[in-house]
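Asker: Below are the structure tokens for one structure; questions will follow.
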Amino acid sequence: MNPGRANPFPPLSRWIPSRFEAVEALALEVRGLLATHGLQAALFAVELSVREGLNNAVRHGNRGDEAKRVDFNLSCGRKWICVRIKDEGDGFNWREKRGAPQPDHTSPSGRGLRILARYASRIRFNRSGNQVTLWLLRDGRSKSPRTPAKPAVGGANVRSAQIRK
């Protein structure tokens with residue numbers, strides 16, 4: 001278990017039903033995988049981002065419809081841990097959310113994208129807004145002066161967006 005290895009584990013791909021119990025189980029699986037492979041430095045940021053992204057997909061994307069699923073992929077490179085989450089919902093206009101004001105402290109929601117932006121060095125949405133890809137540093141730092149040169153996931157149909165704090 002060498003934390004410096006380029007790919008300490010094969011990519012993890014799962015789909016889960018739109019249930020919060022399934023989010024919890026997958027988040028615990030990710031935690032165990034990272035811990036087993038010596039990636040404790042990144043464990044908090046990755047687990048929190050995974051939970052937040054999956055919860056958003058279940059609550060806002062699939063609107064709690066248990067007949068719909070959430071697709072999840074996690075891969076690890078020499079410097080980055082890449083997380084991709086896609087729901088079966090219609091998506092949302094992430095472009096409008098970039099400059100949205102911070103929600104009132106009494107609001108029960110509205111902080112998810114800011115949480116992701118706090119820990120991910122790069123955030124990318126597809127055009128429709130029902131898929132997010134996050135790049136987090138393996139060493140646990142929350143930001144990097146540079147983004148990855150070659151994204152692990154993406155393509156012609158993907159637009160980039162860095163969410164502002």
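Asker: Looking only at residues in segment 54-75 that are among the polar types (S, T, N, Q) and part of a helix (DSSP H, G or I), which one is surrounded by the fewest Cβ atoms within 10 Å (Cβ to Cβ)? Before you say what the answer is, go through the steps one by one.
Answerer: So in segment 54-75, the residues among the polar types (S, T, N, Q) come out as 55-56, 62, 73, 75.
Those still in the list that are part of a helix (DSSP H, G or I) too: 55-56.
Details: Asn55: 19, Asn56: 23.
For segment 54-75, the residue satisfying everything is Asn55.
Asker: Hey, can you tell me all the residues within segment 1-14 that are of a type in the set (A, V, I, L, M, F, W, C) and surrounded by 13 or more Cβ atoms within 10 Å (Cβ to Cβ)? Full working, then the answer.
Answerer: Step one: of segment 1-14, the residues of a type in the set (A, V, I, L, M, F, W, C) are 1, 6, 9, 12.
Correct list: Phe9, Leu12.
Asker: Only one of Arg84, Arg98, Arg51, Arg78 is closer than 24 Å to Arg127 by Cα and either surrounded by fewer than 17 Cβ atoms within 10 Å (Cβ to Cβ) or more than 16 Å from the chain's Cα centre (by Cα) (or both); which? It would help to see each step written out before you state the result.
Answerer: Details: Arg84 fails: either surrounded by fewer than 17 Cβ atoms within 10 Å (Cβ to Cβ) or more than 16 Å from the chain's Cα centre (by Cα) (or both); Arg51 fails: either surrounded by fewer than 17 Cβ atoms within 10 Å (Cβ to Cβ) or more than 16 Å from the chain's Cα centre (by Cα) (or both); Arg78 fails: closer than 24 Å to Arg127 by Cα.
Only one candidate passes the filter, namely Arg98.
Conditions tested, residue by residue: (1) part of a helix (DSSP H, G or I); (2) at pLDDT below 95; (3) more than 17 Å from Gly112 (Cα to Cα); (4) touching a strand residue (DSSP E or B) at 6+ places or on another chain (Cβ under 9 Å).
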{"site": "Gly4", "(1), (2), (3), (4)": "no, yes, yes, no"}
{"site": "Phe9", "(1), (2), (3), (4)": "no, yes, yes, yes"}
{"site": "Ile16", "(1), (2), (3), (4)": "no, no, yes, yes"}
{"site": "Arg31", "(1), (2), (3), (4)": "yes, no, yes, no"}
{"site": "Ser49", "(1), (2), (3), (4)": "yes, no, no, yes"}
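Asker: Another question about this same structure. Exactly one condition in (1) of a type in the set (A, V, I, L, M, F, W, C); (2) over 17 Å from the mean Cα position of the chain (by Cα); (3) closer than 17 Å to Phe125 by Cα is not met by Ala35; state its number.
Answerer: The single condition Ala35 does not satisfy is (3).
Asker: Criterion first (at pLDDT below 95, more than 24 Å from Ile16 (Cβ to Cβ) and assigned to a helix (DSSP H, G or I)) does Arg78 satisfy it? Even if it seems obvious, please write down each step before you answer.
Answerer: Working: at pLDDT below 95: yes; more than 24 Å from Ile16 (Cβ to Cβ): yes; assigned to a helix (DSSP H, G or I): no.
The answer is no for Arg78.
Asker: For Ala42, indicate whether it is small (Gly, Ala, Ser), surrounded by fewer than 24 Cβ atoms within 10 Å (Cβ to Cβ) and either more than 26 Å from Gly89 (Cα to Cα) or more than 13 Å from the chain's Cα centre (by Cα) (or both). Walk me through how you get there before you give the answer.
Answerer: Values: small (Gly, Ala, Ser): yes; surrounded by fewer than 24 Cβ atoms within 10 Å (Cβ to Cβ): yes; either more than 26 Å from Gly89 (Cα to Cα) or more than 13 Å from the chain's Cα centre (by Cα) (or both): yes.
When the stated conditions are applied, Ala42 passes them.
Asker: Looking only at segment 34-55, count every residue that is among the β-branched types (Val, Ile, Thr) and closer than 23 Å to Phe20 by Cα and tell me the total.
Answerer: Here is the first cut: in segment 34-55, the residues among the β-branched types (Val, Ile, Thr) are 36, 46, 50.
With closer than 23 Å to Phe20 by Cα added as a condition, the list becomes 46, 50.
Summing the residues that are among the β-branched types (Val, Ile, Thr) and closer than 23 Å to Phe20 by Cα in segment 34-55 gives 2.
Asker: Something else now. Which numbered condition in (1) part of a strand (DSSP E or B); (2) at pLDDT below 95; (3) not β-branched (Val, Ile, Thr) is the only one that Arg84 fails?
Answerer: Of (1) part of a strand (DSSP E or B); (2) at pLDDT below 95; (3) not β-branched (Val, Ile, Thr), only one is false for Arg84: (2).
Asker: Just to be sure I understand the filter: pairs with C-beta atoms under 9 Å, separated by 6 or more residues or on different chains, first member in segment 84-103 and within 18 Å of Gly61 (Cα to Cα), second member aromatic (Phe, Trp, Tyr) and not in a loop (DSSP other than H, G, I, E, B). Which pairs pass?
Answerer: Listed pairs, sorted by first residue: Arg84/Phe72; Ile85/Phe72; Lys86/Phe72; Gly91/Phe125; Phe92/Phe125; Trp94/Phe125; Arg95/Phe125.
Asker: Now, a different point. Can you find, within segment 108-165, the residue that is modelled with the highest pLDDT among those that are surrounded by fewer than 16 Cβ atoms within 10 Å (Cβ to Cβ) and in a strand (DSSP E or B)?
Answerer: Residue satisfying both the conditions and the ranking: Ser160.
The values are calculated or read from the model by the stated rules, or taken from the named source; none is laboratory data. None of the values given here were measured: they were computed from a predicted structure. Note that we place each Cβ from the backbone using ideal geometry, even for glycine, and neighbour counts take in every protein chain shown.
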